[in-house]
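Peer 1: This is the structure I want to talk about, given as structure tokens.
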Amino acid sequence: MGRATLADATIDNTLISHDLLRIEATDDSWRGWIYAYLRAPAVREMMKAAQYGHIIKHLETHHLDGLPILRLRQELRAPFEQTAKAIIAARDRAHHLELDAEAEYSRAIGALLDQNWEAGGFSARASDIFGRGRRLEGNYHNPRARAAEEAVRNGAKRLERVADLAERVFVPGRFKHIYGDEGAPYLDSAQILEVAPDVDKRVLSLKGEKQAGYFVDAGTLLIPCSGQLHGIIGSVVLATGWHENKVLTNHILRIIPKPKAAIRIGYLQMVLGHPQLGRPRVLKGAFGSSVPELGPDYIKNLTVPRISAGIEDRIADAMEEAAHLRGKADELEEKISAEAEEHLNQFLGGDLGHIEPSVASSPSF
């Protein structure tokens, strides 16, 4: 509620819910500052104070109309606009790199058979159900995952297991969550998929060596392993420097690459996360009736198609650059929100030297 973000290429040609307020600056020179100002912690608190509703909270356009805007001088606003442009450029570039990598992987593996999977039910052979593993869940035998498995087998020069390519695949154990201001920053499984997430929880209950299994290094693959099949479970994120020195929930599975990698981590991210050829294969292994779970043993035994080294490298280059760009954008957003908060604190402390001489005009919305 009240968390602002910049529209980028990821939502092109996408219908956006009416539950998202839109703000358009009448003057582009104000856009970056307005964005940073709305992300400043003190301004977020103002928006929280204005929201209403007992069960479902609401924030309306008239609440934003009444929000006071600190009017910085133009030379102080300009860096915020430049940073906003850099954020959008980084996210746009990351999105297009991923689309190009997905297309190249699809060409290398081959397209799925054209089947109308949504038309009705499906059947599975008894030998598949009661053979090794005895998987009775319907989703394990779904035709979308079956077609992806067949395409991977047919398109690969050879198949290798994730366990043979990674240093470690694991889910850390549960721990008692005690939060406080002096703890380590905490990320849950949804936050690793969000754009510029709020990192507003700090864990006090993990100290010293206990933290080791919950911190991740840049280059680790992260997979939410608990949740509904239509949600975030099975998504694949490549950790960057932004994820380091934060406690990540035990509901995120980790894949740690080998020191002398037998496979590029960006390519492995594509193998597991491709929308048609990867993620259906990952979700196939989810188990549990109420809240599905993914276990590390299943991920370890997933097969990885090896294709030509040149194609693997191009896909890896694109995916690793995309992850770097997204991490850079998150860092920039944290930076400008902190700078906006600093300007606001200076103003509240009586420093008027950075304010426009005339403040009679209305906010630039």
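Peer 1: State the percentage of accessible surface on segment 125-207 attributable to carbon and sulfur atoms; use a 1.4 Å probe and exclude ligands, DNA and RNA. Could the numbers behind the result be given before it?
Peer 2: On the way: 2340 of 5080 Å².
Whole-percent figure for carbon plus sulfur exposure: 46.
Peer 1: A further question follows. Please compute the length gained on full extension between PHE287 and LEU20, using 0.36 nm multiplied by the number of residues separating them and subtracting their Cα-Cα distance. Could the numbers behind the result be given before it?
Peer 2: Working: separation 267, 0.36 × 267 = 96.12 nm, distance 3.37 nm.
Gain on stretching PHE287 to LEU20: 92.7 nm.
Peer 1: On to the next question. Can you show me the helix-derived [θ] at 222 nm for the chain, built from DSSP H runs with n ≥ 4 at -39,500 (n - 2.57) apiece and divided by the number of residues, rounded to the nearest 500.
Peer 2: Working: 11 runs with 140 residues, N = 365.
The helix-only estimate for the chain comes to -12000 deg cm²/dmol at 222 nm.
Peer 1: While we're on this one: Using a Förster radius of 22 Å, what is the FRET efficiency between GLN228 and ASP92 based on their Cβ-Cβ separation? Nearest 0.05, please. All intermediate terms of the calculation are to be shown ahead of the outcome.
Peer 2: Details: r = 30 Å, r/R0 = 1.35.
It comes to 0.15.
Peer 1: FRET efficiency for ASP27 and PHE215, Cβ-Cβ distance as r, R0 = 25 Å, nearest 0.05?
Peer 2: Numbers: r = 44 Å, r/R0 = 1.74.
Efficiency computed from Cβ-Cβ geometry: 0.05.
Peer 1: Which shape class applies to segment 240-365: rounded if a/c is under 1.5, otherwise prolate when a/b exceeds b/c and oblate if not, where a ≥ b ≥ c are the square roots of the Cα gyration tensor eigenvalues?
Peer 2: prolate
Peer 1: With r as the distance between the Cβ atoms of GLU356 and ILE129 and R0 = 51 Å, compute the FRET efficiency 1/(1 + (r/R0)^6) and round to 0.05. Could you put the intermediate results ahead of the total?
Peer 2: Numbers: r = 71 Å, r/R0 = 1.39.
For R0 = 51 Å, the calculated efficiency reads 0.10.
Peer 1: Per residue, how many Å² of accessible area does the chain show with a 1.4 Å probe?
Peer 2: Working: 19280 Å² over 365 residues.
It amounts to 53 Å² per residue over the chain.
Peer 1: Here's a follow-up. In nm, what is the difference between 0.36 nm times the number of residues separating GLU137 and GLU75 and their Cα-Cα distance? Write out the running numbers ahead of the final one.
Peer 2: Numbers: separation 62, 0.36 × 62 = 22.32 nm, distance 6.14 nm.
Gain in length upon complete extension: 16.2 nm.
Peer 1: Search the structure for amide H atoms under 5 Å from the amide H of GLU160, placed 1.01 Å from N in the peptide plane, and list their residues when 5 or more places away or on another chain.
Peer 2: Here the answer is VAL304, ARG306, since their amide H atoms fall under 5 Å of that of GLU160.
Peer 1: Could you pull out the pairs from LYS207/LYS246; LYS258/LYS300; LYS176/LYS207; LYS48/LYS335; LYS176/LYS201 whose alpha carbons sit more than 18 Å apart here? Write out the running numbers ahead of the final one.
Peer 2: Details: LYS207/LYS246 12 Å; LYS258/LYS300 14 Å; LYS176/LYS207 12 Å; LYS48/LYS335 22 Å; LYS176/LYS201 14 Å.
Among LYS207/LYS246; LYS258/LYS300; LYS176/LYS207; LYS48/LYS335; LYS176/LYS201, the Cα-Cα distance tops 18 Å for LYS48/LYS335.
Peer 1: Given that compact globular proteins tend to follow 2.2 N^0.38 Å, what is the ratio of the alpha-carbon Rg of the chain to that value? If you can, show how the numbers build up before the last one.
Peer 2: Details: Rg = 23.5 Å, N = 365, 2.2 N^0.38 = 20.7 Å.
Relative to the rule-of-thumb radius for its length, the chain sits at 1.13.
Peer 1: Let me ask something else about it. Compare the peptides 56-62, 201-207 by average per-residue count of other Cβ atoms within 10 angstrom and give them in order, highest first.
Peer 2: Numbers: 56-62: 11.3, 201-207: 16.0.
Packing order, densest peptide first, comes out as 201-207, 56-62.
The values are calculated or read from the model by the stated rules, or taken from the named source; none is laboratory data. The structure presented is a predicted model; accordingly, all values stated were derived computationally and were not measured. Backbone-built Cβ (ideal geometry, glycine too); neighbour counts: all protein chains shown. In case anyone asks, the SASA skips ligands and DNA or RNA and just uses the protein heavy atoms, side chains included. Shrake-Rupley method; radii C 1.70, N 1.55, O 1.52, S 1.80 Å.
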